[in-house]
Each structure stands twice: as C-alpha cells, then as structure tokens.
Amino acid sequence: MPPSRQIILVVEDEAVIAETIVYALQTEGFTPVWKTTGREALAVLAKEPVAFVVLDVGLPDMSGFDLCRELRKRHAVPVIFLTARSGEVDKVVGLELGADDYLAKPFSPRELTARIRAVLRRSNGPTAPAAAPAGWTHDAAKCRISFRGKTLDLTRNEYRLLGALLAAPGRVFSREQLMTAAWDDPGASLDRTVDAHIKTLRAKLRTAGPDADPIVTHRGLGYALREDT
Ligand code: CA
C-alpha cells in the first residue's frame, strides 16, 4: 500500500506536540488521524484500517500502557510509545506490552517518521482484524472463529490468542505479546501457559482439518499463523 493511503493514528493530548507530529507525517505522505484520548483512539481502531499507532504514555482518560494492552486484545497494529520520562522502566514496560518502538520526548519529528518507516518495513503494514487468510472466518462481534467451515469451541483465552494470530497472518508473536493479547493480567501467566494453550488450540483445529497445522512454532521466538492454510 502506498504511504499516502496509510493511516497513522496519533494519540497525544498535548496540541503543540501533536500538531508537529501531524505536520511531519503529512509531509512524509502519510494520512495522520489525531485523537487526544484513549477512548477516541479505540473507536478509530475499530473502524479504520490503521497502519500504525503513535501513542503518548500520559493521556487524560487512561495511560498509554493501558491503551496498548486494550488494543492488543484485537489489533496487531505496530505501536510506538512517546513518553516524557526517559526511564528504562518505561521502555521495558512498553516493549513487554507489545510496543514495537519507544521514543523519549523531546524528539525530532524526522526521528519519529524514520522509526515509523523502519517498523512498517518490518511488520508489512496494516493488520486489520478482518484480514483473515483463506479458510478462516473471524466474527469479532460474536467472538467466534471458524476454520474450514467449522466454528471452533474456544475458551476466552484461546479465542483471544487465536484472534491475535489471525489479525496478522505470518507475523511472529513472542510469548509475551500473546500473553498481553490473551490474558487480562499477563504478569500472572507464564511462557508455558501460552504453550499449553497453543497445544489445545492445535488439537481443536485438527477437529476441523485433520491434516491442517496452521500455527507455526518459531523456535526461540514464538508463534505465527500460516498465511496459506
Ligand atoms: Ca500527555
């Protein structure tokens, strides 16, 4: 997709900073959409094929970290955090939540757009939940996933986990990213919790397609969904 059609969601409550970012993105040929609250940002994500999210950590209605955790339940869109605090703690927390990059204020607009381009090159652009590969149907409104015509009988965590994989076929998710996507309290879960759920998911998928193995293990990295099933 050409950059001019790529929507970049900017979530930032400070107008001066947001206007600088919006101007820089327009200059680079992107289509920026600026929102000042987490609630508004989630509404945009539910409707628009957002290619990238630029996310301020300190928002009026929720923290950027909470917003990231919330959007990760449904969207695999790349996220870059902006923070006023240049602490290692923020960086670690952000990356554990599934952020793709991190930038401390003050930063130059050019540095931000360069980072966005770098992440987009790695992640191959937008990943809307509807972009399920052949053989899959994901009805997000009914929280229902079908594979090869068979509706899968999934637990809540299995549904969220598979939903995250389905939102970005081919993308390798770390166990941490999958935990963030599927569990309300990722800290309470362990790597092997994800592994155990992948195992039960694979068993359920075999009931729909005995010869199918749509979830790929990337040793030492995590899991991905096959793009051709
Ligand atoms: Ca702020």
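The values are calculated or read from the model by the stated rules, or taken from the named source; none is laboratory data. Predicted, not measured: the structure shown is a model, and the values here were computed from it. Backbone-built Cβ (ideal geometry, glycine too); neighbour counts: all protein chains shown. Accessible surface is based on the protein model in full, side chains and every heavy atom, while ligands, DNA and RNA are left aside. Shrake-Rupley method; radii C 1.70, N 1.55, O 1.52, S 1.80 Å.
Could you say whether any residue in segment 33-44 is away from the ligand (no atom under 16 Å from the Cβ), open to solvent by 10 Å² or more (accessible area, probe 1.4 Å) and closer than 22 Å to Phe173 by Cβ? Yes - at least one qualifying residue is present in segment 33-44.
So is Arg226 modelled with pLDDT of 90 or more, charged (D, E, K, R) and either over 21 Å from His75 (Cα atoms) or open to solvent by 10 Å² or more (accessible area, probe 1.4 Å) (or both) or not?
Considered against the rule, which asks whether it is modelled with pLDDT of 90 or more, charged (D, E, K, R) and either over 21 Å from His75 (Cα atoms) or open to solvent by 10 Å² or more (accessible area, probe 1.4 Å) (or both), Arg226 comes out as yes.
Restricting segment 133-143 to residues that are in a loop (DSSP other than H, G, I, E, B) and not small (Gly, Ala, Ser) leaves a set whose member that is least open to solvent (accessible area, probe 1.4 Å) is Pro133. A Cβ distance below 6 Å, combined with a sequence gap of six or more or placement on separate chains, defines the contacts here; from segment 10-38, residues that are farther than 18 Å from Phe65 by Cβ reach residues that are within 16 Å of the ligand (Cβ to nearest atom) and of a type in the set (A, V, I, L, M) in the pairs Ala18/Val10; Ile21/Val10; Pro32/Val10; Pro32/Val22; Val33/Leu9; Trp34/Val10; Trp34/Ala18; Trp34/Val22.
If you take the residues in segment 180-206 that are hydrophobic (A, V, I, L, M, F, W, C) and modelled with pLDDT of 85 or more, which one is farthest from Arg74 (Cα to Cα)?
The qualifying residue farthest from Arg74 (Cα to Cα) is Ala203.
The condition of being within 16 Å of the ligand (Cβ to nearest atom) and buried (at least 20 other Cβ atoms within 10 Å of the Cβ) holds for only one of Leu25, Leu9, that being Leu9. The number of residues in segment 144-158 that are open to solvent by less than 70 Å² (accessible area, probe 1.4 Å) and modelled with pLDDT under 90 comes to 2. Checking the structure you have, find out if any residue of segment 149-169 is without any contact (Cβ under 8 Å) to a residue 12 or more places away in the chain and assigned to a strand (DSSP E or B). Yes, some residue in segment 149-169 is without any contact (Cβ under 8 Å) to a residue 12 or more places away in the chain and assigned to a strand (DSSP E or B).
Residues in segment 200-223 that are open to solvent by less than 70 Å² (accessible area, probe 1.4 Å) and in a loop (DSSP other than H, G, I, E, B): Gly209, Ala212, Pro214.
Selection of segment 98-121 for residues being of a type outside the set (Asp, Glu) and part of a helix (DSSP H, G or I) yields Pro109, Arg110, Leu112, Thr113, Ala114, Arg115, Ile116, Arg117, Ala118, Val119, Leu120, Arg121. For segment 50-76, what are the residues that are more than 16 Å from the ligand (Cβ to nearest atom), touching a residue at least 60 places away in the same chain (Cβ under 8 Å) and not small (Gly, Ala, Ser)? Within segment 50-76, Val50, Phe52, Arg69, Arg72, Lys73, Arg74, His75 qualify.
Exactly one of these conditions fails for Leu55: (1) modelled with pLDDT of 90 or more; (2) of a type in the set (A, V, I, L, M); (3) open to solvent by less than 10 Å² (accessible area, probe 1.4 Å); (4) more than 13 Å from the chain's Cα centre (by Cα). Give me its number. (4) is the only condition that Leu55 fails.
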